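Could you have a look at this structure, given as structure tokens, before my questions?
The values are calculated or read from the model by the stated rules, or taken from the named source; none is laboratory data. No experiment lies behind these values; they were computed from the predicted model shown. Cβ: placed from backbone, ideal geometry, glycine included. Neighbour counts: every protein chain shown.
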Amino acid sequence: MEARAAAAPTYVRRESAPRRAWAWLKKRALNIYAGFAIAYLLIPIAVIIAFSFNNPAGKYNFTWEGFTLKHWADVFSLPDLNSALVKSLEIALVATIVATIIGTLMALALVRYQFFGRRTTNFLIVIPMATPEIVMGASLLSFFLILGTPALGTTTLMIAHIMFCISFVVVVVRSRLIGFDRSLEEAAQDLGASPIQTFWRVTFPLILPGVIAGALLAFALSIDDFVVSNFNSGTTVTFPLYIFGAAQRGIPVEVNAVATILFSATLIVMGLTVIQQRRAERMSAMRPQQEGE
Amino acid sequence: MATGRRRLTPYLLLFPGVFWLVVFFVVPMYYMARLSLDSGTIEKGFEFSWQWSNYHDALTLYKDPFIRAFEYAGAATIIALLIGYPLAYAIAFKGGRWKNAMLVAVVAPFFTTYLIRTYAWQTILADQSPVTKALNAIGLAPGGHVLATAGAVIAGITYNFLPFMVLPIYASLERVDPRLIEAAKDLYASSRAAFVKVTLPLSAPGVVAGTLLTFIPASGDYVNAFFLGGPNNTMLGNTIQGLYLNTRDYPAAAALSFVLMAVIMVIVFVYIRFAGSEALMGEEATPV
């Protein structure tokens with residue numbers, strides 16, 4: 001054993017430079033590969049941000065012509081783009097609120113109660129998530145076409161967005177509810193709280209992080225939705241539909257600036273959520289440990 | 001009284017959601033089925049007449065985009081797996097202090113709009129772009145064009161759905177007990193044998209979920225073919241969208257949508273039979 005240990009360093013020292021490089025590469029091959037994969041994921045985002053500072057000669061923003069801040073200075077100067085953004089926000093807000101309420105109630109029922117029809121309900125929740133968006137969009141359009149009402153527009157978009165958000169809210173809220181400590185509710189009831197008081201004072205604050213996570217996901221899904229919206233919008237234009245419509249005649253640089261703003265805003269919200277969670281974890285870690293833990 | 005109300009509570013909680021999903025998801029499927037059997041034109045109006053030939057006619061006429069949809073989606077799923085599995089593995093086992101940053105990088109594309117991400121690829125693969133010139137130099141872009149080729153569409157689809165591949169695989173790798181791998185090595189398994197016999201089977205549910213989450217949306221996609229493809233790269237999604245929104249040949253469009261869903265369901269069913277079902281449905285909630 002000792003002889004081998006002593007021999008090893010001389011062996012390494014005698015290795016030629018290409019061999020050492022090869023050994024170094026082999027050891028880090030996976031990390032290098034992962035680095036390339038991450039570059040593949042991030043490069044398009046960098047391109048979007050970089051081209052928001054481009055000064056294209058024609059309508060098309062495909063070649064780098066020179067740096068300018070002018071599209072940032074008047075980022076909200078295109079009325080069509082602005083109204084599309086407002087429409088997207090309006091639909092996303094309504095869809096998020098309705099889908100979060102409906103989805104949270106469903107999650108509560110599925111986690112808390114044993115009842116006839118559970119499996120069917122679970123299936124009903126999973127199946128929209130496993131259906132291609134185009135089939136959802138097409139079937140909903142068929143439905144509205146045959147009924148002839150409501151007219152395609154904001155209402156049909158809200159109906160559609162609520163529909164595809166519900167399942168995701170259920171899944172997120174349910175995962176938070178599964179680890180829920182029921183003894184806290186029992187304690188509240190033992191101390192004379194009514195079921196309604198128990199819900200608002202104990203249950204709701206405890207499931208709130210899950211509900212917020214579900215709502216954020218619903219909002220993200222709604223504001224980003226293109227396919228289902230494309231089928232059910234009529235003449236109404238949301239942000240993704242605006243981009244689709246502008247694609248043929250050249251997407252204005254302002255769209256890149258708006259995308260950069262949205263990207264940064266999402267990153268900040270994510271960061272704040274993480275910081276908030278860390279703080280909550282630290283707070284609960286500082287609390288005196290209960291007996292038996 | 002109290003027990004009666006308790007028995008009703010779950011149904012009351014479920015009612016709004018079940019109502020919404022039945023009225024705006026299940027019932028529309030029925031209407032689409034009905035529409036696919038209509039005859040007539042948009043000018044003369046449509047009439048329900050059990051027109052089964054719609055299916056045959058639509059599939060004959062749109063055979064090419066139909067086949068392309070599954071070819072492109074299949075190719076993109078395989079490439080996403082080849083990129084995504086090693087990436088997920090690196091994040092789970094070699095990430096170290098970079099782990100969270102790597103996970104943020106994986107979900108970062110979701111922070112921008114889907115259409116803008118695809119539009120970015122249009123910029124990256126445009127004829128004048130350095131990427132196209134580099135690909136041309138190594139002979140991968142014949143004629144100096146990448147846009148309007150199958151490769152561009154597949155690259156776009158792979159990119160857009162890669163996070164759906166990485167996240168489930170990462171989640172299943174993250175749950176692998178490192179002691180099992182140590183045990184395999186203690187029993188004289190080589191690194192490779194430990195990976196093949198322990199890590200890979202334990203991550204199979206993630207692979208199943210990831211491939212389905214990539215393949216299902218990819219096969220119905222038309223955004224990538226719209227931005228990155230040419231007239232010879234249209235997918236079934238482009239056909240359905242065009243028939244519904246431009247040509248207004250609703251029966252043919254509905255028939256094609258139905259066939260798309262049926263084919264996906266058959267593929268999913270066979271795949272799950274083959275790979276095990278627990279992966280797709282996830283953990284069933286157990287009542288507390």
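Note down all Cβ pairs under 7 Å where the first residue falls in segment A:175-193 and is of a type in the set (Gly, Ala, Ser), the second is not in a loop (DSSP other than H, G, I, E, B), and they're at least six residues apart or on different chains.
Qualifying pairs under 7 Å: A:ALA188/A:THR198; A:ALA188/A:ARG201; A:ALA188/A:VAL202; A:ALA193/A:ARG201.
Something else now. Just give me the residues in segment B:121-177 being β-branched (Val, Ile, Thr), within 25 Å of the chain's Cα centre (by Cα) and part of a loop (DSSP other than H, G, I, E, B), in sequence order. First the steps, then the outcome.
Filtering segment B:121-177 for residues β-branched (Val, Ile, Thr) gives B:123-124, B:131-132, B:138, B:146, B:149, B:153-154, B:157-158, B:166, B:169, B:176.
Next, from what is left, pick out any that are within 25 Å of the chain's Cα centre (by Cα): B:123-124, B:146, B:149, B:153-154, B:157-158, B:166, B:169.
B:VAL146, B:THR149, listed by residue number.
Answer with yes or no whether B:TYR11 is without any contact (Cβ under 8 Å) to a residue 12 or more places away in the chain, aromatic (Phe, Trp, Tyr) and part of a helix (DSSP H, G or I).
Values: without any contact (Cβ under 8 Å) to a residue 12 or more places away in the chain: yes; aromatic (Phe, Trp, Tyr): yes; part of a helix (DSSP H, G or I): yes.
Yes, satisfied.
Does any residue of segment B:193-209 turn out to be among the small types (Gly, Ala, Ser), more than 11 Å from every other protein chain (Cβ to nearest Cβ), in contact with a Pro (Cβ under 9 Å, 6 or more places away or on another chain) and without any contact (Cβ under 8 Å) to a residue 40 or more places away in the chain?
Looking through segment B:193-209, none of the residues is among the small types (Gly, Ala, Ser), more than 11 Å from every other protein chain (Cβ to nearest Cβ), in contact with a Pro (Cβ under 9 Å, 6 or more places away or on another chain) and without any contact (Cβ under 8 Å) to a residue 40 or more places away in the chain.
Just the residues that are at the interface with chain A (Cβ under 7 Å from one of its Cβ atoms) and under 23 Å from the mean Cα position of the chain (by Cα), please, taken from segment B:92-109.
B:MET102, B:ALA105, B:VAL106, B:ALA108, B:PRO109
Can you name the condition, by its number, that B:ASN238 falls short on among (1) part of a helix (DSSP H, G or I); (2) closer than 30 Å to B:ALA101 by Cα?
(2)
If the requirement is being touching a Gly at 6+ places or on another chain (Cβ under 9 Å) and of a type in the set (Lys, Arg), which of these qualifies: A:ARG174, A:ARG249, A:ARG201, A:ARG182?
Values: A:ARG249 fails: touching a Gly at 6+ places or on another chain (Cβ under 9 Å); A:ARG201 fails: touching a Gly at 6+ places or on another chain (Cβ under 9 Å); A:ARG182 fails: touching a Gly at 6+ places or on another chain (Cβ under 9 Å).
That would be A:ARG174, the only listed residue that is touching a Gly at 6+ places or on another chain (Cβ under 9 Å) and of a type in the set (Lys, Arg).
Same structure, new question: Which of the residues that make up segment A:113-144 are facing chain B (nearest Cβ under 7 Å), assigned to a helix (DSSP H, G or I), more than 23 Å from the chain's Cα centre (by Cα) and of a type outside the set (Val, Ile, Thr)?
A:ALA138, A:SER139, A:LEU140, A:LEU141, A:SER142, A:PHE143
Here are some conditions: (1) within 11 Å of chain B (Cβ to nearest Cβ); (2) in contact with a strand residue (DSSP E or B) (Cβ under 9 Å, 6 or more places away or on another chain). A:VAL253 meets all but one. Which one does it not meet?
Only one criterion is unmet by A:VAL253, namely (1).
From the set of residues in segment B:27-42 that are more than 15 Å from B:SER257 (Cβ to Cβ) and outside any strand (DSSP E or B), which is nearest to the other protein chains (Cβ to nearest Cβ)? Lay out the reasoning, then the answer.
Keep residues of segment B:27-42 that are more than 15 Å from B:SER257 (Cβ to Cβ), which gives B:27, B:39-42.
After this cut, where a residue has to be outside any strand (DSSP E or B) as well, the list is B:27, B:42.
Numbers: B:VAL27: 7, B:ILE42: 11 Å.
So the residue we want is B:VAL27.
Still on this model: Looking only at segment A:57-83, filter to residues that are of a type in the set (S, T, N, Q) and over 27 Å from the mean Cα position of the chain (by Cα); which one of those is surrounded by the fewest Cβ atoms within 10 Å (Cβ to Cβ)?
We begin by selecting, within segment A:57-83, every residue of a type in the set (S, T, N, Q); these are A:61, A:63, A:68, A:77, A:82-83.
Now restrict to residues that are over 27 Å from the mean Cα position of the chain (by Cα): A:61, A:63, A:68, A:77.
Numbers: A:ASN61: 25, A:THR63: 15, A:THR68: 14, A:SER77: 11.
So the residue we want is A:SER77.
Being out of contact with any helix residue (DSSP H, G or I) (no Cβ under 8 Å at 6 or more places or on another chain) and under 30 Å from B:GLY237 (Cα atoms) narrows it down to one of A:THR121, A:THR155, so name that one. Give the derivation first.
Numbers: A:THR121 fails: out of contact with any helix residue (DSSP H, G or I) (no Cβ under 8 Å at 6 or more places or on another chain).
One residue alone meets the criteria, A:THR155.
Let's see how each residue does on (1) part of a helix (DSSP H, G or I); (2) crowded, with 18+ Cβ neighbours inside 10 Å; (3) at pLDDT 90 or above; (4) not charged (D, E, K, R):
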{"residue": "B:ALA253", "(1), (2), (3), (4)": "yes, yes, yes, yes"}
{"residue": "B:LEU256", "(1), (2), (3), (4)": "yes, yes, yes, yes"}
{"residue": "B:ALA262", "(1), (2), (3), (4)": "yes, no, yes, yes"}
{"residue": "B:MET265", "(1), (2), (3), (4)": "yes, no, no, yes"}
{"residue": "B:VAL268", "(1), (2), (3), (4)": "yes, no, no, yes"}
{"residue": "B:TYR271", "(1), (2), (3), (4)": "yes, no, no, yes"}
{"residue": "B:ALA279", "(1), (2), (3), (4)": "yes, yes, no, yes"}
{"residue": "B:GLU283", "(1), (2), (3), (4)": "no, no, no, no"}
{"residue": "B:THR286", "(1), (2), (3), (4)": "no, no, no, yes"}
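Right, next: Kindly establish whether A:ILE223 is farther than 22 Å from A:VAL75 by Cα, in a helix (DSSP H, G or I), in the same structural domain as A:LEU141 (by TED's automatic domain parsing) and β-branched (Val, Ile, Thr).
Working: farther than 22 Å from A:VAL75 by Cα: no; in a helix (DSSP H, G or I): yes; in the same structural domain as A:LEU141 (by TED's automatic domain parsing): yes; β-branched (Val, Ile, Thr): yes.
Against the criterion (farther than 22 Å from A:VAL75 by Cα, in a helix (DSSP H, G or I), in the same structural domain as A:LEU141 (by TED's automatic domain parsing) and β-branched (Val, Ile, Thr)), A:ILE223 does not qualify.
In segment A:148-196, which residues are in a loop (DSSP other than H, G, I, E, B) and among the small types (Gly, Ala, Ser)? Reasoning before the result, please.
Of the residues in segment A:148-196, the ones in a loop (DSSP other than H, G, I, E, B) are A:148-153, A:179-182, A:191-194.
If the condition is that a residue be in a loop (DSSP other than H, G, I, E, B) and among the small types (Gly, Ala, Ser), then A:GLY148, A:ALA151, A:GLY153, A:GLY179, A:GLY192, A:ALA193, A:SER194 are the ones that fit.
With respect to the numbered conditions (1) closer than 27 Å to B:ILE240 by Cβ; (2) surrounded by fewer than 24 Cβ atoms within 10 Å (Cβ to Cβ); (3) in contact with a helix residue (DSSP H, G or I) (Cβ under 6 Å, 6 or more places away or on another chain), which one is the sole condition not fulfilled by A:LEU145?
Every condition holds for A:LEU145 apart from (3).
Yes/no matrix, rows are residues, columns are (1) of a type in the set (D, E, K, R); (2) surrounded by fewer than 16 Cβ atoms within 10 Å (Cβ to Cβ); (3) assigned by TED's automatic domain parsing to the domain that holds A:VAL86:
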| position | (1), (2), (3) |
| --- | --- |
| A:LEU110 | no, no, yes |
| A:PHE115 | no, no, yes |
| A:ARG119 | yes, yes, yes |
| A:THR131 | no, no, yes |
| A:MET136 | no, no, yes |
| A:VAL171 | no, no, yes |
| A:ALA187 | no, yes, yes |
| A:PHE219 | no, no, yes |
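Which pairs have Cβ atoms under 9 Å, sit 6 or more apart or on different chains, and link a residue in segment A:241-262 that is within 19 Å of A:ILE223 (Cα to Cα) to one that is of a type in the set (Asp, Glu)?
Hits for this filter: A:TYR242/A:ASP80; A:GLY245/A:ASP80; A:ALA246/A:ASP80; A:GLU254/A:ASP74.
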